[in-house]
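The values are calculated or read from the model by the stated rules, or taken from the named source; none is laboratory data. Predicted model only: the values in this text are computed from it and were never measured. Here the Cβ is made from the backbone with ideal geometry for all residues, glycine too, and neighbour counts use every protein chain on show.
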């Protein structure tokens with residue numbers, strides 16, 4: 001799908017064709033659409049398709065008549081029947097008077113521009129537009145990271161009450177997401193640093209300040225990723241300790257029960273031996289059976305008190 005947009009007095013409009021100062025938005029384009037844009041703007045078709053490969057790494061390339069900026073942006077996907085986060089490439093191609101964005105999804109990062117929710121957005125100021133996109137990417141990363149931490153807190157609240165296997169799986173998925181985010185954010189950071197050194201790219205003086213804000217926001221997202229990853233490690237260790245402690249308590253309880261049940265087993269075993277009845281206590285005593293049962297119960301009760309005192313029950 002290809003759409004054309006252009007701003008006038010900070011109001012965005014749809015265009016029917018490629019013109020000057022137009023933003024060309026390509027969302028999961030077909031082979032034919034890639035060829036059309038490639039021929040119209042004299043762009044290598046492989047650079048357009050680069051953003052369609054989910055394994056493509058972040059980079060920036062300066063060609064004779066255009067500049068390719070490839071970064072990773074956050075997105076959500078369904079894994080194990082749950083909505084989780086990952087990252088996909090976003091391609092930004094700058095020509096003399098046009099800007100092209102390529103992505104496999106209709107990302108929320110760009111929807112804000114289409115809805116007019118970004119201040120001072122203009123398709124004429126291409127580098128500022130690029131930096132605004134990069135700033136939105138860093139902001140979405142931070143928003144997703146806060147959502148991940150919120151889910152981690154929900155799992156942590158279950159610790160000590162009813163930790164389920166599902167919580168352990170969710171915690172692992174959150175940790176995997178943080179690894180993906182950390183890798184993508186560091187790769188994006190390299191691209192941003194290179195942008196500060198490229199004097200060939202035309203930009204307004206105030207754009208450099210916006211780029212600095214982008215770098216700061218991206219670095220903050222990197223730090224948030226590291227912090228949340230360490231917290232999740234601590235949460236997982238806590239869950240492991242709680243599970244081990246529960247298992248220890250169960251084993252201790254079963255051991256205590258075994259000790260108590262051993263008393264009547266021993267007594268009944270003794271009275272079950274084939275010996276002369278004159279050597280068996282209470283063998284000829286009236287109500288001897290009930291007396292033996294009472295003594296057995298008394299010994300069990302005393303044993304239970306001793307085990308409770310030693311906190312084994």
Report yes if some residue within the range 269-287 is at pLDDT 80 or above and part of a helix (DSSP H, G or I); otherwise report no.
yes
If residue 61 passes every condition in (1) surrounded by fewer than 17 Cβ atoms within 10 Å (Cβ to Cβ); (2) out of contact with any helix residue (DSSP H, G or I) (no Cβ under 8 Å at 6 or more places or on another chain) but one, which one does it miss?
(2)
From the list 90, 134, pick out the single residue that is more than 18 Å from residue 20 (Cβ to Cβ), at pLDDT 80 or above and not in a strand (DSSP E or B).
134
Of the conditions (1) touching a strand residue (DSSP E or B) at 6+ places or on another chain (Cβ under 6 Å); (2) surrounded by 14 or more Cβ atoms within 10 Å (Cβ to Cβ); (3) free of Cβ contacts under 8 Å to residues at least 24 places away in the same chain, residue 38 satisfies every one except a single condition; which number is it?
(1)
Taking residue 28, is it at positive phi and modelled with pLDDT of 85 or more?
yes
